[in-house]
Structures are given as C-alpha cells and as structure tokens.
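I have placed the structure first, in the form of structure tokens, so that the comments after it can refer back to it.
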Amino acid sequence: MASEQQYIELYEQARQMIFGHAPEAMNAVRDQAYRDFKAQGFPSRKVERYKYTDLQKLFEPDYGVNLNRFEIPVDPYEAFRCDVPNLSTSLYFVVNDSFYSKALPKSHLPEGVIVGSLRDHGDLVGRYYAKLAKTDGDAVTALNTMLAQDGLLVYVPRGVKVDRAIQVINILKATPSNAQRTVPDMMVNRRVLIVLEEGAEVKMLFCDHTADDRNFLATQVIEAYVGDNAQLDLYCLEETHNKNIRVSNVYIDQQANSRVCHNVITLHNGITRNRLDLSLSGQGAECYCSGCVVADKRQHVDNNTLITHHVPHCTSRELYKYVLDEQATGAFAGRVLVEHGAQQTVSQMTNQNLCATREARMFTQPMLEIYADDVKCAHGSTVGQLNDAAMFYMRQRGISEHEAKVLLQNAFINEVIDQMKLEPLRDRLHYLVEKRFRGELSKCKGCKLCK
C-alpha cells in the first residue's frame, strides 16, 4: 500500500471526529486539503525539492494519531529543563499539537497582543489561516491541514513592539491519560499562525523537545504574515532524540520595508526536513536566513529554501553551515527567484559544510533564477574536511587531537551563532554547541543522552 493511502483512509473514516474536535476556521479548508492530498500523494525523490529526503518512506509506518483529543498529562516544567539562563521571555508550551493553557506566564503582554490557541480566535484565524500555505503545492502541508485540530496563534497589532521575547516550547509526549493505553509510535500535526500588523515587532524562540523515549513523527506548518515596517525575529531550535522525525514547512510573506530574521538550529535529532518559502512582496523588504546544523551517528538534516523577490529594492541573505560527524547526512538546497521587474535586488546565498569523517555525506545545491537585469546576486557552496595544517599546528603545541577537533568545529560553526541578536540565546548556543561536540550535551528527560 502506498504511504499516503493509510492517511486517506484515516480521514475518510474519522472525518466526523476530526471536525468535532477542531474550530470552524480550520475545518473550512480541511476537505479541500484532503482532495489535494489525495490527488498528489507524497512526492518521490524525483521531485526536485525532495530529492534528498525519502518522504514516502518516512510516512510509511503506522503511527498513532490523537484525533479524539485524549488528554496527555505532562508537567511542562519537568519535561523542559534546557532553559536559557538570563533570557527574559514570556514562556508558553505546546504539548504535541495543542496549546497548553494550564501554564501561562505571569508577565502581561502589551495590550492587543494575542498568544493562544487557534480555536479561541475564530474570526482572526479565518482571515489568515491556510492562505500562505497552499495545500495544492505541497503534500506535507496538505496532510497537516487535513489532520491538524489545534495550534498556536501569535498576533501583534499595528504599531505594537513586544520587548520581551516570546518563547514557545514544543513538547512531544506519547503517554495518554489512561495508563491502559500505550502508543508506541505517535504522529503529531502542529500548526502555527503568526500575524504582525504594520509597524509591529516581536522576537520568537521555538524549542522542540521530547518527553518520551518513543518514535515520533511531527509535521509542522508555520504561516507568518509580516506587515509594512514590521519586524519578526524567528528562532527555531531542535533538541529532540534519534527516534524523532520532524518535517517542517515555514511560509513567510513580507510587505514593504519589513524585516525578517529566520534562524534554524539543529543540535540533536533523528531525521529532520525543513522547508522555508519566503516571499518579498513589498519594496524595501529585507530577510536574513541562517541555519546551524550539528549531526553525527546516522542523523539526517535537510534544509530546503525558496526566497522569491516579487518587487524591486529588496534584500535577502542566507548563511547555512553544517558540521557532520560519523555517518551523518546533510543536505541544503537553496533557490533565489528574482521575478520580472524586481530590479535593484540584492541577494547573497552561502552554504559551507564540514565533514569530520569520510563516512559523512553532504549534498548541496545553491541556485539563482533571475529575470531582471539590474541586480546584485551571488551564491557559493563549499564542502571540506578539517584543516590538516591547523590540526598539526595545535598538536605541536600540546593540544590533544580530540580537543583540536572540537576547537576547529566550534570556530567553523560560530559564524552563524554570532549573527543572532538575542545575546543570552547566542551565549547559550555557544555553550550547547561546544557540549554537543564534546558529546556531553545535557538533555531533557526522556532523551537518550541523559542515560
């Protein structure tokens, strides 16, 4: 049976249950998502944007899906122990795919700012939900839209600047409230909607963690609308375990003179596939996208980006760096599309990769597609190993081989971390990355690295 068939049958059999536990704004587009998913199915590796990750194989196992919304008990403060010291944030939790309303921060957000469940704000959600993430364009987006029943809404009204960063902890947990019920493998479909009106500003940090030593498959779709002169800093940090599969699609639309910083950091995972589609729709918009990947064992990390310049006078910059050890596999495919009339475009794409062993594999494919003649666009990619001369220099001065390797890897990856604007997060990542290279990274409860 094809991988998608089980999800088609699941929807047909459980449609009424899915609708009964979801808000109207999400249900309004659900049937169309089902039709789109049924028509296209999962892409094969012959599809350009999925050539480095076998999506059909990832979705092949029979995962449990909590469509009946059984309560999954969790103490978020117990499950989440990797806090960032000195980072003053408004802390929220999402358990699997549901906004956790039992643990809300004491600090008050500025007037008009909303951080809450999609089910509680129907009119606002209905205006934006599934407008950027078209279900006829990607099978994962269609599947997520078809099955998602809740999610997170972040809304910042016109002219409001949120000084305190909003930190969202995504906790994956498979144990339901009834002890008789156990779910060995679990699928989660998480949805996030971010809306910044004109002149709004917010910094957001998403942290992915696992609270159970189980097999997880998590799909995630983030839609972010950034209005005129608005500013969004979005950090996504993954620290899960080697049984976790994460497939994330991020869609961002920027209006005139807006600014977006998107940073994705993968420190520990099983299989990760991140897709970013960013549209520069208003003149003067700027985006800065970066990625930091540390992988070993048989971990797999695939980042795929598409930045589209629709209008003139916009700027995009990308920097992705990978350090791959043992038998890890990395992939980066970046494409910048400059459409007709998008003159005075400035774009720079850089992908640099370090393979610490001969068994590590890196696939890289930077691309420019330009239909305007007055632009400044460049791209570059490198794949290499540790510098033998530098290793020899440090060994001659009494530094052990292991220590020299850690120092060189740290120096290589720090360029990405140093560009992050949240100073406490930047300092914490320097610490975590070094611990990761040393094999000492302390993890949340339930992770293999604790044992």
Exercise. So what is the 222 nm mean residue ellipticity for the chain from helices alone, if each DSSP H run of at least 4 adds -39500 (n - 2.57) and you divide by all residues, rounding to the nearest 500 deg cm²/dmol?
Worked result: -6500 deg cm²/dmol
Exercise. In straight Cα distance, which aspartates and glutamates are under 19 Å from Lys46, not counting same-chain residues fewer than 8 positions off?
Worked result: Glu4, Asp54, Glu60, Asp136, Asp138, Asp302
Exercise. Between Lys102 and Asp163, what FRET efficiency comes out of the Förster formula 1/(1 + (r/R0)^6) with R0 = 22 Å and r the beta carbon distance, rounded to 0.05?
Worked result: 0.30
Exercise. Using a probe of 1.4 angstrom, how much of the accessible area of segment 362-431 is carbon and sulfur, in percent?
Worked result: 50 percent
Exercise. Top to bottom by accessible area (1.4 Å), largest first, where do Phe93, Phe19 land?
Worked result: Phe19, Phe93
Exercise. Separation between the His430 and Ser400 pseudo-spin-labels, each 7 Å from Cα along Cα→Cβ, expressed in nm?
Worked result: 2.3 nm
Problem set entry | Over 24 Å between alpha carbons, listed pairs Lys376/Lys421; Lys106/Lys435; Lys243/Lys435; Lys321/Lys421; Lys243/Lys405 | Lys376/Lys421; Lys106/Lys435; Lys243/Lys405
Problem set entry | Calculated P(r) of segment 268-346 - Cα pairs past 17 Å, % | 50 percent
Exercise. What percentage of the solvent-accessible surface of segment 226-338, computed with a 1.4 Å probe over protein heavy atoms, is contributed by carbon and sulfur atoms?
Worked result: 42 percent
Seminar exercise, completed: In units of 2.2 N^0.38 Å, the Cα radius of gyration of segment 299-417 is 1.32
Seminar exercise, completed: Over all Cα pairs of segment 356-424, the Kirkwood radius sets Rh, and Rg/Rh then becomes 1.13
Problem set entry | Computed label-point distance, nm, for sites Phe392 and Glu326 using a 7 Å Cα→Cβ extension | 3.1 nm
Problem set entry | In Å, descending, principal axis extents of the Cα set of segment 306-358 | 46, 12, 10
Problem set entry | Chain lengthening between Gln13 and Asp418 when straightened (0.36 nm per residue, less Cα-Cα) | 140.8 nm
For this session: Treating only the Cβ atoms of Lys and Arg (+1) and Asp and Glu (-1) as charged, compute the dipole magnitude of the chain about its Cα centre; round to the nearest 20 debye.
Result: 920 debye
Problem set entry | Nitroxide proxy distance, nm - points 7 Å out along Cα→Cβ at Asn27 and Asp62 | 2.9 nm
Seminar exercise, completed: To the nearest Å², the heavy-atom accessible area per residue of the chain with 1.4 Å probe amounts to 41 Å²
Exercise. Fully extended, how many nm does the chain gain between Ile114 and Thr382 (0.36 nm per residue separation, minus their Cα-Cα distance)?
Worked result: 92.2 nm
Exercise. What does the convex hull of the Cα atoms of the chain come to per residue, in Å³, rounded to a whole number?
Worked result: 144 Å³
Exercise. Scattering from the C-alpha atoms of segment 88-173 alone, worked out with Debye: what is log10 I(q)/I(0) at q = 0.11, 0.19, 0.22 1/Å?
Worked result: -0.36, -0.99, -1.19
Seminar exercise, completed: Taking protein heavy atoms only, a 1.4 Å probe, and rounding to whole percent, the accessible area of segment 1-129 owed to carbon and sulfur comes out at 47 percent
Exercise. Just how much of Met391 is accessible, in Å², when a 1.4 Å probe is used and the result is rounded to the nearest 10?
Worked result: 30 Å²
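The values are calculated or read from the model by the stated rules, or taken from the named source; none is laboratory data. Just so it is clear, the structure is predicted and the values come from calculations on it, not from any experiment. Here Cβ is always computed from backbone atoms with ideal geometry, including for glycine, and neighbour counts include all displayed protein chains. We work out accessible area using only protein heavy atoms, side chains counted, and drop any ligands, DNA or RNA first. Shrake-Rupley method; radii C 1.70, N 1.55, O 1.52, S 1.80 Å.
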